[in-house]
1. Under a crude label model (7 Å from the Cα following the beta-carbon direction), how far is R184 from A110 in nanometres?
2. Could you put L81, L68 in order, starting from the residue whose Cβ has the fewest other Cβ atoms within 10 Å?
3. When H114, H126 are ordered from fewest to most other Cβ atoms inside 10 Å of their Cβ, what list results?
4. With a Förster radius of 22 Å, plug the Cβ-Cβ distance of D122 and A49 into 1/(1 + (r/R0)^6) and report the FRET value to the nearest 0.05.
5. Could you please report the charge total around W96, scoring K, R as +1 and D, E as -1 over all other residues with beta-carbon less than 9 angstrom from its beta-carbon?
6. Within a Cβ distance under 12 Å of L151, other residues only, what is the Lys/Arg minus Asp/Glu net charge?
7. Would you mind ranking E54, E75 so that the residue whose beta carbon has the fewest other beta carbons within 10 Å leads the list?
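Readers should treat all values here as calculations from the given coordinates under stated rules, not as data from a laboratory. The shown structure was predicted, so the numbers you read here are calculated from the model rather than taken from an experiment. Neighbour counts run over all protein chains shown; Cβ positions are idealised from the backbone, glycine included.
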Amino acid sequence: MVGVSVLRRAPAAAVATAACVVLAACGEEFVTGTNEEPAGPALTAPGTALELGEAATVPIGRNGVARLVVTRIEEGRPADLEAFGQDARAAVSYVWMTVTRVSGDVGGFASYDHVHGWAGDDLVPHVLTDPRPYDPCPTRYFPDDGPVGVLETCTVFTSATPIDRVGFHDAGDYRRNAAEVVWR
């Protein structure tokens, strides 16, 4: 009867083995997961070309992520900048944008730190109108502390010809001219 008791235990052993395999598979799936927070929102790839009004999700500062939309480029008047002692060249451009905090710390965001204009192959300098208010194109900032949400701001550029595109850059993957996000 020794052979019969071994045969009777074989189905029970097979069920136990199958249960271990199933549990091990479940356990493996559980173990390979992490308790880390999700990676965050997908960033717009460096080098992306966008139309005015389209959004880019970009890194800001050390750990911030913002949605940046260049909404319009307006032609300004050189005479408007005389009060600031600026040598306004033949063309003044106002670049309007909306910046929305997506995650992390975007406090202290300033458009002139990350956004610049292009006229053909020429990088166009921005004009600092701070600290005085400049009604045709007010520059606004996210506060350095406290909750932030949506910011509409404007940056002034001067050049020999009107700017034809606007670029976002940072010190990382979105370097000027090579891999920046560009709006036309």
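1. 3.1 nm
2. Working: L81 21, L68 25.
With the sparsest Cβ surroundings first, the list reads L81, L68.
3. On the way: H114 24, H126 19.
Fewest-to-most Cβ neighbours within 10 Å comes out as H126, H114.
4. Values: r = 18 Å, r/R0 = 0.83.
Calculated transfer efficiency: 0.75.
5. Working: positive: R72; negative: E74, E152.
Charge balance near W96 sits at -1.
6. Working: positive: R67, R101, R140; negative: E152.
My count for the surroundings of L151 gives +2.
7. Values: E54 15, E75 10.
Fewest-to-most Cβ neighbours within 10 Å comes out as E75, E54.
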